[in-house]
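Undergrad: Before I ask anything, let me first share the structure, which is written out below as structure tokens.
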């Protein structure tokens, strides 16, 4: 069926994108050693990428909203492919940072376009499940390419990690070019009509929730390899297995979340978000017990994985008539959360040690839950009062 075909191709491209954006997480310690810099400075490779997305995402999406969706998706993946090639040659750090930043300009454009293309060919009732298929690329990348890149980097060199990302991007680009038909936009919405959502309090609170939720998760996940190495005393091989486990449980979580969102978006979002409070305690009290740590990582991956799907669904529910722009804002503010969570946690790590990073995430998580509560209260007050006279 064409609907699912479009969604699965979008998913394939997203695997390439996430392999590039988050594949670096598993090799940050090696990059820091290679360039003789601290781990928080190496983390700029992740936070700078995310910051560019946060700043430029909505504008780039508005500019691209009138172009053929297939061409937009192919262009974005082609730039990710070039980035992987250059990075795999271990250029000077300034150049490595530069080529990582360049594809960030089109990352939210790709995601919002892929979701819009998938949803446009389906029924309204299947909207969240089609979104879930596209965004499943995040979990799939975390169960395949991200741990594979970390594993191979441990056997050979961190440069192999970028070679893996290059291959995935090349496969995704071929898939888009060969399997998707032209997808011109039939009726382009005006910029003004899309910008109207920025006046809606519910949407603004949803945006804040998205930011705090992603910041919460990435305060710890950005430094996953360093945390597991220094706090849990795991070697690179074991860390790659943990990333694999993290991704495996995440695939199941994305599928379940897609089903649950059809019933209640706030409840589903809150349920998975509760992990930002649960996981710091679980990591703390699992101590040096390897089996307990494995269990915690499995739960952690399960609760973390649907965060981008939940964030998009939560924001779109407040702006259903501006799907692509709402999606781009979800991506942009989510990546702002990645950047801020990584930076703030990096500062805390530099002053207080890596063991503190999960507690930074818990603080952001509590703020995200507060935003869900505030939006719920606001919307209840906006409901018309029923008259029984």
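Undergrad: Exposure proxy check: 161, 274 ranked by fewest other beta carbons within 10 Å?
TA: Fewest-to-most ranking of 161, 274: 274, 161.
Undergrad: Also, quick follow-up: Find the Rg to Rh ratio for the range 227-306, where Rh is the Kirkwood radius over alpha-carbon pairs and Rg uses the same atoms.
TA: 1.03
Undergrad: Here's something else I'd like to know. Consider just the alpha-carbon atoms of the chain and return their Rg together with their Dmax, both in angstrom.
TA: 20.0, 77
Undergrad: Given a Förster distance of 25 Å, report the FRET efficiency between residue 299 and residue 356 from their Cβ-Cβ distance, rounded to the nearest 0.05.
TA: Efficiency computed from Cβ-Cβ geometry: 0.75.
Undergrad: Something else now. Testing the spin-label approximation: label points 7 Å from Cα along Cα→Cβ at residue 233 and residue 97. State their distance in nm.
TA: According to this spin-label approximation, the distance is 3.6 nm.
Undergrad: For a distance above 13 Å, tell me the whole-number percent of Cα pairs in the range 195-234 that qualify.
TA: 63 percent
Undergrad: Can you tell which of 75, 166, 269 shows the greatest fluctuation in a Gaussian network model of the chain with Cα springs below 10 Å?
TA: Of the options given, 75 has the highest mean-square fluctuation.
Undergrad: Can I ask one more? I need to check one value: relative contact order of the chain, counting alpha carbon pairs closer than 8 Å and at least 6 residues apart, in percent.
TA: 28 percent
Undergrad: If you stretched the chain out fully between residue 204 and residue 85, how much longer would it get, using 0.36 nm times the residue separation minus the C-alpha to C-alpha distance?
TA: Roughly 39.0 nm would be gained on extension.
Undergrad: So, one more: By how many nm would the segment from residue 178 to residue 271 lengthen if fully extended, with 0.36 nm per residue of separation less the alpha-carbon distance?
TA: 29.5 nm
Undergrad: Still on this structure, please answer the following. Tell me, how many Å apart are the Cα centres for the range 228-242 and for the range 152-179?
TA: 23 Å
Undergrad: Now for a different question. Quick one: if you take sqrt(5λ) for each eigenvalue of the C-alpha gyration tensor of the range 281-371, what semi-axes come out, biggest first, whole angstrom?
TA: Over the Cα atoms of the range 281-371, the ellipsoid semi-axes are 30, 17, 10 Å.
Undergrad: Per residue Cα convex hull volume for the range 85-124, in cubic angstrom?
TA: Measuring per residue, one finds 67 Å³ for the Cα hull of the range 85-124.
Undergrad: What is the order of 292, 106, 309, fewest Cβ neighbours within 10 Å to most?
TA: The fewest-first ordering by Cβ neighbours comes to 292, 106, 309.
Undergrad: Suppose each label sits 7 Å from its Cα in the direction of the beta carbon; what would the residue 120-residue 167 distance come out to in nanometres?
TA: 3.4 nm
Undergrad: Calculate for the chain the 222 nm mean residue ellipticity that helices alone would give, adding -39,500 (n - 2.57) per DSSP H run of length 4 or more and normalising by residue count, nearest 500 deg cm²/dmol.
TA: Mean residue ellipticity, 222 nm, calculated: -26000 deg cm²/dmol.
Undergrad: A follow-up question, please. Is the range 136-177 best put as rounded, prolate or oblate by its Cα gyration tensor, with a ≥ b ≥ c the root eigenvalues, rounded for a/c under 1.5, and otherwise prolate when a/b is larger than b/c, oblate when not?
TA: Oblate shape, in that a/c is at least 1.5 and b/c is the bigger or equal ratio.
Undergrad: Which length gain, in nm to one decimal place, applies between residue 63 and residue 252 when the Cα-Cα distance is subtracted from 0.36 nm times their residue separation?
TA: 64.5 nm
Undergrad: Here is a further query. Measuring from label point to label point, each 7 Å out along Cα→Cβ, what is the residue 363 to residue 5 span in nm?
TA: Between residue 363 and residue 5, the label points sit 5.1 nm apart.
Undergrad: Turning to a different aspect of this structure: Of 237, 70, how do they rank once you tally other Cβ atoms within 10 Å and put the fewest first?
TA: Going from least to most buried by this count: 237, 70.
Every read-out reported here was derived from the displayed coordinates using simple, explicitly stated rules and does not represent laboratory data. As the structure is a computational prediction, the values presented were derived from the model and not from experiment. Cβ: placed from backbone, ideal geometry, glycine included. Neighbour counts: every protein chain shown.
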